[in-house]
Amino acid sequence: MAEPLLKMTGLRIEALSANGWSEIVHGVDIVLQPGKILGLVGESGAGKSSIGLAAMGYTRDGCRISGGEILFDGIDMRTLSPAQHQDLLGARIAYVAQSAAASFNPAHKLIDQHCESAIAHGVTSRHNAQREAVELYRKISLPEPETIGLRYPHEVSGGQLQRIMTAMAMSCRPDLIIFDEPTTALDVTTQIDVLLTIRELVREFQVAAIYISHDLAVVAQMADQVVVLKDGSVVESGDKRQLIENPIESYTQSLWAVRNLACAPQPPVSRNAKPILSVKNIEAGYGKKNVIEGISLDLYRGRTLAVVGESGSGKSTLGRCISGLLPINSGAIIYNDVELASSYKKRSREQLKAVQMIYQMADTALNPRHCIGDIIGRPLKFYSDLNGPRLQARTHEILDAVGLEPGKFFSRRPEELSGGQKQRVGIARALAADPAVIICDEITSALDQLVAEGILRLIDDLKSTFGLSYLFITHDLTVVQSIADDVLVLKAGNIVEYGERNNVFAPPCDQYVTQLVNSMPQMNPDWLDDLVRCGSKQSQA
Amino acid sequence: MNILTVFKQMSWTARLGIILIALYAFMAVFGPYITPYSETQIVGGEYDPWSAQTWLGTDNLGRDMFSRLIFGARNTIGIALLSTFLAFVIGGVLGLVAATVGGWFEAVLSRIVDMLMSVPQLIGALLLLTIFGTSLLNLVFVIALVDSTRIYRLAKSVAMNVVVTDYMEAARVRGEGLVWLVMFELLPNVKAPLIAEFGLRFCFVFLTISSLSFLGLGLQPPMADWGSMVRENASLISFGDLTPLIPAAAIGVLAIAVNFVVDWFLAQRR
């Protein structure tokens, strides 16, 4: 067997916390052959990124490599001098970050940033580097390859930026590239372009890569070998096909738990049922431009309506219109046979109480200076006459209903909670108002799969317990297929499809819906290849 | 928590600051009982040197410097504290409300503040004091007004980042009134920079009062305050006498002590 390109043995990483150094990666072994791709999978906090960075001999501030050996092409990364280390980074090892938008310097043109490291490492001249960059852009079929590099980072889309960053990593012809969640922030349809670009370039240049992701389905498309991590230790590792078909550890199976969660949809609405909330042909937008046009929908008691679409399709705008945060330009929103005022400021307290929101980022949705008991107690007190011990008792009941132990959480602050717990508090706050309709705006997209599954189950349980109706805004079709009763598909502010879940996804369905469904990563290592093959067939036909 | 344990956990700078502030407070409160002479009593010749009767000598009119130094604490600190407090109430409340309400209210108020700020602070204060006269009440209000523009700016800019958060939005959509929004949702999240500014602003107000007194528009004689004590005795420096520097040092030491404590307080919250 050939000499491995990267060999990490017994890697240990420590992080500085309030109580001194504590170990976050406990002796991980990783071997990577030249030209192969290794996938690192795990939940957030599993140590994926720390291990990826350690492969470059680097740690984040407040972390240190405390044990083990890192050999890159026979070079011990831990004993390099800073100058030798710098020569290696960028030139032989490249790194592609999760958020290209945050990693590019907004003040410089893309092509200058692209060529920077090649020139700095003396690999090639500026002229050559720029010519090669344009060639790469053409190869990955970016629009206007000649001139796209002359733009600034804010002038191209997020997906294009991520693809340019991947091309940029190739500028010095490295031996190893580390991809740290390169598609996590992207739409499913954009994700496919980026994944294809990454695979094309990696194959073309025969580089080895470490691909870090929380999504096993994505890793399965990219990697040859997969390592599953949990809490800084390896759970399972091996060939990807074997791992996906016969996972040995139950933890590996649970990584795609959400995909297996399926709540049976409610029976179709009976003909004489009256919708609790109706949206009639609304138009709204920012400035003079309409973001959404001609949207109508009916929300019935005890049902979940999922609003699906890519980013920019206007799904959050629709939510903001219904809650009254964004006044509509025309149309009507009717709750309980009464037309709601366009702005929340003109709605009565009863009407405000009826429509509640749950936000995507639980971090910013909870006031960091209030304790959990106050966050939930306030809407209770505001909308009802509860006081003193009765208010406290009711707060405890609600905390209990969302699965948080009242005694433990009542006096805590949001910063002391995990992401999933914070989202539960967000749900509890909406619940405390005793609403009829809850608008859930991407409530699981910032969460890990396992945690998201818990939240979805909770949402579904609460629906039947309290007789709620949800407007569930999401870009994730797996979520839609697990909890929605009805589905509304939006594209560029217009309705593409609207109906019961089974009807919308049952063939023959709309072309855009098919595209969305196909873009959803499948737990099948050949999914991306199949998709490309179908795509080329279609374009030939 | 017990006050004593808090004190023990403080950094040594903060402890020093607390002790110094306590000393100043003691001087301000018990001034008349601990001074050997009264504020205005003439006890000797002009510019007498340090002696057993007059510890720090006498001033240009023959009044006891030591007694006037202690009386100065009461006058200067009292007015500075009152002005700063008033400035924070005016500027802070308006700034937070402007950020929360937005729209034309914020636009109009901000332009008025810009206009006030375009006049240099000291010149503005001088102008207003010459127009309205140099009574104590006027002095407090003029300084508070001039300083509140800076606090308005700070409070508004800090609050701007908070009013766009989801939790503020959630509170608005709940139907909460302005008082709740500002006092309970916004204020706890902008407190830290405002407290830091309080420490700094207090020192600036202190200096403004002293400068105004030095220019003759601050506290009026025969009231003792540290700024005018420097002015009245400044000529002594040319004779190699350090006495006029003592009231100046009193100002400096208090400024440092206040900032020691504010620094510690802010570090606590991190």
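Details
- Whole-number Å³ per residue for the convex hull built on Cα positions in segment B:63-136: 113
- Scattering curve values for segment A:145-255, log₁₀ I(q)/I(0), Debye with Cα scatterers, q = 0.13, 0.19 Å⁻¹: -0.56, -1.03
- Residues with amide H under 5 Å from that of A:Val25, placed H, sequence gap 5 or more: A:Ile13
- In chain A, helices alone account for a calculated mean residue ellipticity at 222 nm of -11000 deg cm²/dmol, with every DSSP H run of four or more residues adding -39,500 (n - 2.57).
- Applying both filters, DSSP loop and at most 11 other Cβ atoms within 10 Å, to the GluC sites (Glu not before Pro) of segment A:121-196 gives A:Glu146.
- Eligible lysines near A:Lys381 by straight Cα distance, threshold 19 Å, same-chain separation 8 or greater: A:Lys353
- When both segment A:217-239 and segment B:74-126 are represented by their alpha-carbon centers, they are found 59 Å apart.
- Dimensionless Rg over Rh [chain B; C-alpha; Kirkwood]: 1.05
- DSSP-defined antiparallel bridges as percent of all bridges, the protein assembly as shown, nearest 5: 55
- Size of charge dipole - segment A:251-372 - debye, nearest 20, with Cβ of Lys, Arg +1 and Asp, Glu -1, no other charges: 240
- Computing Rg and the Kirkwood Rh from the Cα coordinates of segment A:422-497 gives a ratio, Rg/Rh, of 0.96.
- With a cut-off of 14 Å between beta carbons, the residues surrounding A:Glu181 carry a summed charge of -3, where Lys and Arg count +1 and Asp and Glu -1.
- Both the radius of gyration and Dmax for segment A:1-63 are 13.0, 45 Å, in that order, over alpha-carbon atoms.
- Volume per residue of the C-alpha convex hull in segment A:394-541, rounded to whole Å³: 143
- Debye equation applied to the C-alpha atoms of segment B:143-270, log10 I(q)/I(0) at 0.19, 0.23 Å⁻¹: -1.06, -1.27
- The per residue volume of the convex hull around the alpha-carbon atoms of segment A:45-125 is 128 Å³.
- Remark on segment A:480-521: ratio of C-alpha radius of gyration to 2.2 N^0.38 Å is 1.08.
- Segment B:97-171: equivalent-ellipsoid semi-axes (sqrt of 5 x gyration tensor eigenvalues, Cα, Å): 31, 12, 10
- Whole-percent pair-distance distribution, where bins are 5 Å wide, for the alpha carbons of segment A:456-541: 3, 11, 20, 20, 17, 15, 8, 3, 2, 1, 0
- Percent of Cα-Cα distances greater than 21 Å, calculated over segment B:1-81: 45
- Here, segment A:82-197 yields an orientationally averaged convex hull projection of 6.9 nm² when only Cα atoms define the hull.
- Cα-Cα separations in the protein assembly as shown greater than 46 Å, expressed as whole percent: 43
- Solvent-free Debye scattering, log10 I(q)/I(0), computed from the Cα coordinates of segment B:177-222 at q = 0.34 Å⁻¹: -1.03
- For chain B, the longest principal axis of the alpha carbon atoms and the long axis of helix B:121-132 meet at an angle near 80°.
- Look at where the Cα atoms of segment A:176-214 and of segment A:1-65 average out, and the two centres are 19 Å apart.
- Principal axis extents of the C-alpha atoms in segment B:5-144 (largest first, rounded to whole Å): 66, 50, 22.
- Each other residue within a Cβ distance under 12 Å of A:Glu69 adds +1 if Lys or Arg and -1 if Asp or Glu, for a net charge of +1.
- Excluding exposed DSSP-loop trypsin sites (Lys or Arg not before Pro) (at most 16 other C-beta within 10 Å), longest clean stretch of chain A: A:413-541
Computed from the coordinates by the stated procedures, all read-outs in this text should not be read as laboratory data. Since the model is a prediction, treat every value here as computed from it, not as a measurement. Using ideal geometry, Cβ is built from the backbone for each residue, glycine included, and neighbour counts are taken over all protein chains shown.
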